[in-house]
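Below: one structure, written as structure tokens.
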Amino acid sequence: MTSPMPEHFSELPLSPVMQRALAQVGWSKPSPIQARVIPHALEGYDILGQARTGTGKTASFAIPILEQLDPLRIHPLPQALVLVPTRELAHQVYGEFVKLAEGCPTEVVEVAGGKHMQKQLKALGHGVQVVVGTPGRVIDHIERGSLRLGGIWCVVLDEADRMLDIGFRPSIERILRRCPENRQTMLLSATLDERIRDLANRYLFEPVVIDCSDKDVSVETIEQRFISISQDRKQEVLFQLLEREQPPQAIIFCRTKIGTAKLHRQLERYYVNRPERKVRVETIHGDMSQPQRDEVFKALRENKIDILVATDVVGRGIDVSSISHIINYDMPDECDDYVHRVGRTGRMGRSGIAFSFVGKDQGYLLTEIEQRINRMLEKDPLSEVVGKRRVSPAASNGSGSEVSASPRSAGQKVSGSGVGDTDPSESAAEVQADLPFGTAPASRTLGRAKSRGSVRRR
Ligand code: AMP
């Protein structure tokens, strides 16, 4: 892979209709992941790509798929299947396909839990070329006989690490086993850990490995700071931070639905008393219905929301390039969640800033994050104010800081002590809704002979 990176989409072997669609959406330069994935994907290679959301990864697989679709009248069964972890991401990926399919009649359907089954059944019955869905709902359709995978020539596992985190591995394997063996498989993930490599070893055939890892992106574009703080002063300091920053558009992440709803109410009260600020606050969490969530996403995109209070599961699907600030009001349990949260800002090369509220027991988490992104987070001055006024002798260790940076301990979770009203089990409950099947994982190593070189063109 020493060939120079294409600077313009016109340097890629794309059809005139695709070039026109790209011009229409106003994209001229492929992002690094697109420049690297598209040429190989068009040649039919399996791809193992490391990239987070916000890097343009969706188009890196959507463009080559769209370029190679047969018309429905020639190929009546679905041809490409994109598996994603959440309904929000399914909707987002669906939107990208529709946008990029401009100028060429293409049938794309979104099959995710929480959406109307009848509508999905109707669309599938009518005939589709591309299916974008969450594994649970895809299996549901396979079982009902409404989705037949015999014509699939490309499968994408998008945000594969997240799908494994949620427990979708058995479902993913079940689906892959139903797809033709000589298909093309593209696996995209923010991390390429052991689990991902194991999945890739089983289901990908001599993949081209492409590393556009998030740590480079975070380092380049997103300023990241932490504020050391005790639980009882978080709300007060959050208000100070908001007053200081006056963010054009911010997402505040909490760990649970209850915590999210509570902070939302507190912020509403705060801004009701400051009408001159004209700050519009909204919330999004797993207790909201899909239409309610869609409405919030739409309002966010249309800039009708200034501050959104969100949980991880739902917040992960947010793709709004104008987000300027991320505030981790509650620290995430996992480094990957941190990376995904922070990735809501600084999208497509824009600048952004992220603040993390770190409790006195959470120094180890900060250390883990710093190791993960290979960079030290800067301490925000707001923490010093708090530290000097509030630090207790027991917590300070004589240093005056409320954060104790204990050594990294693998697999350690945030204890409940730092986050008073949160219940970590709730986030898991939110995603369980999308998991109708509990099938046992099956292991099989594919030894398929793959035919290459027959690039399919519209
Ligand atoms: P993704 O990483 O796929 O979630 O994409 C992040 C955002 O960047 C989405 O809003 C895309 O529509 C947008 N995008 C993707 N590729 C490009 C590109 N080459 N130029 C400009 N915007 C892009």
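What to note about this one:
- Of all residue pairs spaced 6 or more apart or on separate chains, those with beta-carbon atoms under 6 Å, a first member in the range 25-39 that is of a type in the set (Val, Ile, Thr) and a second member that is surrounded by fewer than 23 Cβ atoms within 10 Å (Cβ to Cβ) and assigned to a helix (DSSP H, G or I) are Val25/Lys99.
- Looking across the range 1-15, the residues that are farther than 24 Å from Asp158 by Cα and either within 11 Å of the ligand (Cβ to nearest atom) or at pLDDT 95 or above (or both) come down to His8, Ser15.
- Entry remark, the range 49-64: residues being within 6 Å of the ligand (Cβ to nearest atom) and over 16 Å from Gly95 (Cβ atoms) number 1 in total.
- Here the condition is being touching a residue at least 24 places away in the same chain (Cβ under 8 Å), acidic (Asp, Glu), more than 7 Å from the ligand (Cβ to nearest atom) and in contact with a Ser or Thr (Cβ under 9 Å, 6 or more places away or on another chain); of Glu67, Glu43, it holds for Glu67 alone.
- Checked against (1) buried (at least 20 other Cβ atoms within 10 Å of the Cβ); (2) polar (S, T, N, Q); (3) more than 15 Å from the chain's Cα centre (by Cα), Thr134 passes all but condition (3).
- Against the list (1) within 16 Å of the ligand (Cβ to nearest atom); (2) outside any helix (DSSP H, G or I); (3) free of Cβ contacts under 8 Å to residues at least 60 places away in the same chain, the condition Leu72 fails is (1).
Here's the yes/no breakdown for (1) closer than 23 Å to Pro180 by Cα; (2) buried (at least 22 other Cβ atoms within 10 Å of the Cβ):
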residue: Pro6; (1), (2): no, no
residue: Ser10; (1), (2): no, no
residue: Gln24; (1), (2): no, no
residue: Ile33; (1), (2): no, yes
residue: Arg36; (1), (2): no, yes
residue: Glu43; (1), (2): yes, no
residue: Ile47; (1), (2): yes, yes
residue: Ala59; (1), (2): no, yes
residue: Ile63; (1), (2): yes, yes
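- Matching residues, the range 99-158, being in a helix (DSSP H, G or I) and in contact with a Ser or Thr (Cβ under 8 Å, 6 or more places away or on another chain): Gln120, Leu121, Leu124, Gly125, Pro135, Gly136, Val138, Ile139
- Any chance Ala90 is within 16 Å of the ligand (Cβ to nearest atom), of a type in the set (A, V, I, L, M) and assigned by TED's automatic domain parsing to the domain that holds Lys29: yes
- Annotation for the range 71-82: at least one member residue is of a type in the set (A, V, I, L, M), within 17 Å of Gly150 (Cβ to Cβ) and surrounded by 24 or more Cβ atoms within 10 Å (Cβ to Cβ).
The values are calculated or read from the model by the stated rules, or taken from the named source; none is laboratory data. None of these values were measured; they are calculated from a predicted model. Reconstructed Cβ throughout: ideal geometry from the backbone, glycine too, with neighbour counts over all protein chains shown.
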